[in-house]
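The values are calculated or read from the model by the stated rules, or taken from the named source; none is laboratory data. Quick caveat: nothing in here was measured; it's all calculated off a predicted structure. Glycine also receives a Cβ, built like all others from the backbone with ideal geometry; neighbour counts cover every protein chain displayed. Accessible surface areas use protein heavy atoms only, side chains included; no ligands, DNA or RNA. Shrake-Rupley method; radii C 1.70, N 1.55, O 1.52, S 1.80 Å.
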Amino acid sequence: MLRLILIGNGFDLAHGLKTKYEDFIYDLIDLQITDPHLSPTIFTSTHELKGHKDFFSVLKDPSGVKTGHFRPSNYITFQNKFFELVISNYSSKNWCDIEELYFQELLKCEYVSRIERLNQDFEIIKNHLGVYLKKATQILKTTTIDPIYYLLKRFSNFIPGDTLILNFNYTNTLGSYLSQIPNIDLINIHGEIDNPENPIIFGFAAEEDIITSLLEKGSHEWLRNIKDNCYKESDNFDKLEKFLNSGQYIDVFILGHSCGYSDNLILRQIFNGPKVHKVRLFYYQSIENFRKSLYNIQRIMKDYSQFRKIVNFKESIHIPQADDNETLNRNFEDFVDKVLQ
């Protein structure tokens, strides 16, 4: 039995990293406010702003306080139109929502000049994301979480090549573990911060029929941030396919990945794989978060016959957090012993 571990943003959050969507947006707003000469400029304001709270208070429509709706402001002008779109759709979301927002806007573009501008603005935000994540990882105080180390250590007891970690994050939070643990292979499928050989992939996994329609538009600009195309810039996806097509049965473990739709094609290939035996969720804290991931996986599978692979809530457990108490840690380790025996 092979084991495939999917790592998502929840893994970084468990270690205390501020890698939520809102953390990045707040930081970018504060950066522009403190550095009015930031180039390229994201937005300008004729109103004196002290931080992102002032920024949002200027934008918030008094009639929409409860819904979180925002309105254009005479005080703020957006030079980056995609960032304006992000702000106008603002709510507490995941990374995948920025990617989905980009994709929705891409489908609305009818002219090359408009898609070129969208891609330019999106590239600026993507570059800021890389800078922000680099800064966020530098303040990491807890390098390891004992129960997670225990889990990965148990995986390392298997034959070399039997366990693969598919990391969807751009950060190297896993580094402090894998430097001490042999026999586990790692694929950073979405690239890495400051690695030109494996650059950050930030875009959307479009369905085949949509890609076909985009190809017919003639310009490559519509295809620039489609993830399937970006995967071809490295051999990471080929390595994953080789693992999936090894002919052996595979158990999938999900640690901190919400399974958002922007990764639907690669996740569908995994979940619907004929050799995938079980899909086990390590959820965040509550059954409600288990449900959210469950529904996302169900939406991605598109084949209800595959749904039986997902392990039920009673036989699942939360993903350990840096501030968990000793009892929770021990419960997790006992759980690991049970499922990996």
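Scanning segment 111-125 for residues that are open to solvent by 80 Å² or more (accessible area, probe 1.4 Å), in contact (Cβ under 8 Å) with a residue 12 or more places away in the chain and closer than 17 Å to Cys230 by Cα gives no hits.
Given the criteria open to solvent by 20 Å² or more (accessible area, probe 1.4 Å) and in contact with a His (Cβ under 7 Å, 6 or more places away or on another chain), does Tyr261 qualify?
Details: open to solvent by 20 Å² or more (accessible area, probe 1.4 Å): yes; in contact with a His (Cβ under 7 Å, 6 or more places away or on another chain): no.
Here the answer is no, as Tyr261 does not meet what is asked.
Picking from Leu174, Leu186, Leu178, which residue would you name as being at pLDDT 95 or above and in contact with a helix residue (DSSP H, G or I) (Cβ under 9 Å, 6 or more places away or on another chain)?
Leu186 is the lone residue from the list that is at pLDDT 95 or above and in contact with a helix residue (DSSP H, G or I) (Cβ under 9 Å, 6 or more places away or on another chain).
Name the residues in segment 94-110 that are under 17 Å from Gly8 (Cα atoms), open to solvent by 40 Å² or more (accessible area, probe 1.4 Å) and in a helix (DSSP H, G or I), would you? Steps first, please.
Going through segment 94-110, the residues under 17 Å from Gly8 (Cα atoms) turn out to be 94-100.
When the remaining residues are screened for being open to solvent by 40 Å² or more (accessible area, probe 1.4 Å), the result is 94, 97, 100.
Answer for segment 94-110, where residues must be under 17 Å from Gly8 (Cα atoms), open to solvent by 40 Å² or more (accessible area, probe 1.4 Å) and in a helix (DSSP H, G or I): Asp97, Glu100.
Taken together, the residues in segment 309-341 that are assigned to a helix (DSSP H, G or I), among the polar types (S, T, N, Q) and either within 27 Å of the chain's Cα centre (by Cα) or over 19 Å from His15 (Cα atoms) (or both) amount to 1.
Kindly indicate the residue of segment 264-285 that is at negative phi and touching a His at 6+ places or on another chain (Cβ under 8 Å) and also surrounded by the fewest Cβ atoms within 10 Å (Cβ to Cβ) among those meeting that condition. Please lay out each step first, then the result.
First pass over segment 264-285, keeping only residues at negative phi: 264-284.
Those left that are additionally touching a His at 6+ places or on another chain (Cβ under 8 Å): 282-284.
Numbers: Phe282: 25, Tyr283: 23, Tyr284: 18.
Only one residue tops the list, namely Tyr284.
Cβ-Cβ distances below 6 Å connect no pair with a first residue in segment 265-276 that is more than 18 Å from Lys242 (Cβ to Cβ), a second residue that is small (Gly, Ala, Ser), and a separation of six or more residues or different chains. For segment 223-241, a residue qualifies if it is crowded, with 17+ Cβ neighbours inside 10 Å and free of Cβ contacts under 8 Å to residues at least 24 places away in the same chain, and the qualifying residues are Leu223, Ile226.
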